[in-house]
Amino acid sequence: MKTQGRLTGIQVPFRSEKAVISFEVTADPADVERYKDKELDITIVRHSKKRGLAANAMLWACLGEIAAAARTDNWSAYLYMLERYGKYSTVLIKVEALPDLRRVWRETRVVGEREDGMVEVLCFYGSSTYTTEEFSRLLDGVVSDMKELGLTPPPSREMQAALEELRRQEEAQRKREGDRCEKSNVCNQRQT
């Protein structure tokens, strides 16, 4: 079962090392009841709203034009742009683990090999994990490449509107999370 909700309470009974956690969920109560007193594997992940369709559609439209001009497919153009403008992590692994690593990451590139059998790999994140700023950098890079290829990029107003929609959605999400945090007193307090 997968559902969405919010954490509403945490209690640690006296002389216990286990927390009792309460959630308010969107699932039907009858569906949730089936899991009462059962051993469960639980994963808690912060909810994130999906990126605005306008910004994502604009990225893929631009990638389609670049792919046609370069005589390649959209996916290859996307991976190329992730390498040029995307975010990545650098990983040092044993060469025999490389196939497993490539199954996990959107795109990888070996950038160095050592004599001890280790390889340095750049692992690129897919754009669906990007923040507004990261996505804007990717889209700006794609538009810049379109101009270099002599292609007509989307009008600035359209692009700015799509990015502004994305920023508004992320800001509204942060505000909702802050409001929930204040109401429930389940905030992370930073030490200064």
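The values are calculated or read from the model by the stated rules, or taken from the named source; none is laboratory data. No experiment lies behind these values; they were computed from the predicted model shown. Note: ideal-geometry Cβ built from the backbone for every residue, glycine included; neighbour counts use all protein chains shown. In case anyone asks, the SASA skips ligands and DNA or RNA and just uses the protein heavy atoms, side chains included. Shrake-Rupley method; radii C 1.70, N 1.55, O 1.52, S 1.80 Å.
Hey, can you tell me all the residues within the range 19-44 that are of a type outside the set (Asp, Glu), more than 29 Å from Gly178 (Cβ to Cβ) and open to solvent by 100 Å² or more (accessible area, probe 1.4 Å)?
Arg34, Lys36, Lys38
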Legend entry - Residue match in the range 68-75 (condition: exposed (fewer than 14 other Cβ atoms within 10 Å of the Cβ) and either at pLDDT below 90 or more than 30 Å from Pro155 (Cβ to Cβ) (or both)): no
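Working only within the range 45-67, note down all residues that are open to solvent by 70 Å² or more (accessible area, probe 1.4 Å) and in a loop (DSSP other than H, G, I, E, B).
Residues of the range 45-67 open to solvent by 70 Å² or more (accessible area, probe 1.4 Å): 45-50, 53, 60, 65.
If the condition is that a residue be open to solvent by 70 Å² or more (accessible area, probe 1.4 Å) and in a loop (DSSP other than H, G, I, E, B), then Val45, Arg46, His47, Ser48, Lys49, Lys50 are the ones that fit.
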